[in-house]
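A short write-up of the structure that comes next.
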Amino acid sequence: PLTLQVKNKAPAEVQITAEQLLREAKERELELLPPPPQQKITDVEELNDYKLRKRKTFEDNIRKNRTVISNWIKYAQWEESLKEIQRARSIYERALDVDYRNVTLWLKYAEMEMKNRQVNHARNIWDRAITTLPRVNQFWYKYTYMEEMLGNVAGSRQVFERWMEWQPEEQAWHSYINFELRYKEVDRARTIYERYILFTLLVIVHPDVKNWIKYARFEEKHSYFAHARKVYERAVEFFGEEHMDEHLYVAFAKFEENQKEFERVRVIYKYALDRIPKQEAQNLFKNYTIFEKKFGDRRGIEDIIVSKRRFQYEEEVKANPHNYDAWFDYLRLVESDTDAETVREVYERAIANVPPIQEKRHWKRYIYLWINYALYEELEAKASKRTRQVYQACIELIPHKKFTFAKIWLLYAQFEIRQKNLPLARRALGTSIGKCPKNKLFKGYIELELQLREFDRCRKLYEKFLEFAPENCTSWIKFAELETILGDIDRARAIYELAIGQPRLDMPEVLWKSYIDFEIEQEEYEKTRNLYRRLLQRTQHVKVWISFAQFELSAGREESLSRCRQIYEEANKAMRNCEEKEERVMLLESWRNFEEEFGTDTTKERIDKLMPEKIKKRRKLQAEDGSDAGWEEYYDYIFPEDTANQPNLKLLAMAKLWKKQQQESEAAEVDPDKDIDESQS
């Protein structure tokens, strides 16, 4: 056999993919086919032939698939277009035998009869439709609309009544009501509303508020205000307190507002706000606020604002009961506006939220709830007995073994004093010192006894205080000052001696200064000098030396200047080996100021020779990790007295002089003409 051989086996330049083939096939499907040629019918025979061929086509389509209702409808509509009503009716009946549940089929059938003014046939079809499919609302709407368009009001009403027997949805009832209102049948409409309300009560598990509101507005619209109010009252009674809805009360209040019954409006709003959960009453709050702004006084507006803020605070404390700042704001609000019982209730709720952790930082805000509670009972409610109970309950609640609050004890004691009950106040403070001694408790108790002029008690309290905190310099000073005021100088001096003999003190410099000032006030200058000497044995601080010198200067005796100069001499010798050169400079400056005021030329010249020279130096810096961080400049002081001990300083001075001479010689070489001109001149 003959075989074909491909000469060129190279691929084509343009490749055709399967995707391209499919796309082209799809595009060609969309190409419009040429319309069939128009056929002109000239006589009856051609018309009958056309009808026969068309009917045969429709019948074939129906025979192929009887369940496709669109084929039946097209067939019937074609017969209708030829005015073959009887044939179209027959087709629709055949189609209903196939699928009597098809809504579109019934609608097309009835519309055909109505279009051709076959009223009785249309009624028959609608009756069959609503009997077969009573839950299809569209049949009922179309049937009633047809009867109403024909002016058959009674027939339309009869259809509505048949519809209502099936207990349809809400919109059907309102359509019936609107139908009656179109013909001014208000009583009939009211009857329908009553039937519908009764239907909702008996059938619907959770009836909607809007149906009651529509009924009431219907009565209001037709000026039956008493009936409208009765409807609202029935609705409120029906829903009760379990299923309260803000929309009902807003509508009721607006109705009463339109009737100028402002007191009724206010009562309705307050009744609803007291019973509806706050998160569901936002719209109610808003409308109440608008009403009070329009018709209320200032008090009413404030009540609304307070209610709104109370709701906000309630939400905050409900979300976080330990948010004590929210409780403070809430309590401040209720204290300014409500009665004592309500305030006490909020306080009890607040103090019930005890911090879960027994750490003082968690209790600091909480304890102020108790303080404010007690102050409110004492100052606002004037209930001293309840105030005492609040303080005692708070004291019992605090875990004193871990921490305490001196403020509570002191406030309780001050309250008892205001009640003229001094033994109870002393007992409370004594108990606090025994259970949990603190500096503030001792100070408060001592201050109380001082005000009562009980000095023996003050001495005992100071003794207990110093046994508890011997390092507290302020306590020693206050104790000594008390003895000084009472005129017992020896006791005061003994207290100071005990104080400075303590091994550990928090502010020893303050204590020594107070002791020295005490001796100066008593004009015991020798004892003051001894004190300074004892202090200098413990510390060589420059301020002590300067203070010692100034004391000698202020002693006011003939040898005061020589004594003062001698102190400066001793201080200068003592501080030669001091590492802090700034302190030595401070001493010399103080000495120079003294000599400038009281010294001679010789002494002034001598102190000037002692003043150091200030020079700038550089030192190497190191970072935290030990790496090189560069250089920094600092100032150092060179004292003339130390020059003999540091021979390098003389070498440094000679180097500076040589550098200066070098700079002068270089300047002369740069400008020789200038030197010649200067020599000639």
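What about residue 614, is it open to solvent by 90 Å² or more (accessible area, probe 1.4 Å) and charged (D, E, K, R)?
Taking the combined requirement at face value, the residue satisfies it.
Which condition does residue 571 not pass, out of (1) open to solvent by 10 Å² or more (accessible area, probe 1.4 Å); (2) of a type in the set (Gly, Ala, Ser); (3) within 21 Å of residue 592 (Cβ to Cβ), if it passes all the others?
It fails just one condition, (1).
Of all residues in the range 330-365 being buried (at least 19 other Cβ atoms within 10 Å of the Cβ) and among the hydroxyl-bearing types (Ser, Thr, Tyr), which is farthest from residue 317 (Cα to Cα)?
347
Would you check if there is a residue in the range 558-566 being farther than 16 Å from residue 597 by Cα and surrounded by 15 or more Cβ atoms within 10 Å (Cβ to Cβ)?
So far as the range 558-566 goes, no, none of its residues is farther than 16 Å from residue 597 by Cα and surrounded by 15 or more Cβ atoms within 10 Å (Cβ to Cβ).
For the condition within 23 Å of residue 107 (Cα to Cα) and under 54 Å from the mean Cα position of the chain (by Cα), what is the one hit in 215, 176, 224?
That would be 176, the only listed residue that is within 23 Å of residue 107 (Cα to Cα) and under 54 Å from the mean Cα position of the chain (by Cα).
Quick check, is residue 65 at negative phi, open to solvent by less than 60 Å² (accessible area, probe 1.4 Å) and not basic (Lys, Arg)?
Taking the combined requirement at face value, the residue does not satisfy it.
Identify, from the list 84, 80, 13, the residue that is surrounded by 11 or more Cβ atoms within 10 Å (Cβ to Cβ) and farther than 18 Å from residue 105 by Cβ.
84
Could you say whether any residue in the range 556-572 is touching a Leu at 6+ places or on another chain (Cβ under 8 Å), aromatic (Phe, Trp, Tyr) and modelled with pLDDT of 75 or more?
Yes, the range 556-572 contains a residue that is touching a Leu at 6+ places or on another chain (Cβ under 8 Å), aromatic (Phe, Trp, Tyr) and modelled with pLDDT of 75 or more.
Which numbered condition in (1) assigned to a helix (DSSP H, G or I); (2) at pLDDT 75 or above; (3) surrounded by fewer than 16 Cβ atoms within 10 Å (Cβ to Cβ) is the only one that residue 621 fails?
The number of the failed condition is (1).
Taking the range 317-341 as the region of interest, how many residues are farther than 11 Å from residue 353 by Cβ, outside any helix (DSSP H, G or I) and not charged (D, E, K, R)?
So the answer is 1.
Given the residues 542, 585, which is the only one that is touching a Pro at 6+ places or on another chain (Cβ under 7 Å), at pLDDT 75 or above and open to solvent by less than 20 Å² (accessible area, probe 1.4 Å)?
The match here is 585.
Can you tell which of 47, 52 is of a type in the set (A, V, I, L, M) and open to solvent by 100 Å² or more (accessible area, probe 1.4 Å)?
From the options 47, 52, the qualifying one is 52.
Quick one: count up the residues across the range 352-374 that are among the hydrophobic types (A, V, I, L, M, F, W, C), assigned to a helix (DSSP H, G or I) and either farther than 14 Å from residue 394 by Cβ or in contact (Cβ under 8 Å) with a residue 40 or more places away in the chain (or both).
5
Given the condition basic (Lys, Arg), at pLDDT 90 or above and closer than 30 Å to residue 135 by Cβ, answer yes or no: does some residue in the range 74-91 qualify?
yes
The values are calculated or read from the model by the stated rules, or taken from the named source; none is laboratory data. Please read these numbers as outputs of a predicted model, since none were measured by experiment. Please note: Cβ atoms are built from the backbone with ideal geometry, for glycine as well, and neighbour counts cover all protein chains shown. To get the accessible areas, we keep the full protein, side chains included, count just its heavy atoms, and leave off ligands, DNA and RNA. Shrake-Rupley method; radii C 1.70, N 1.55, O 1.52, S 1.80 Å.
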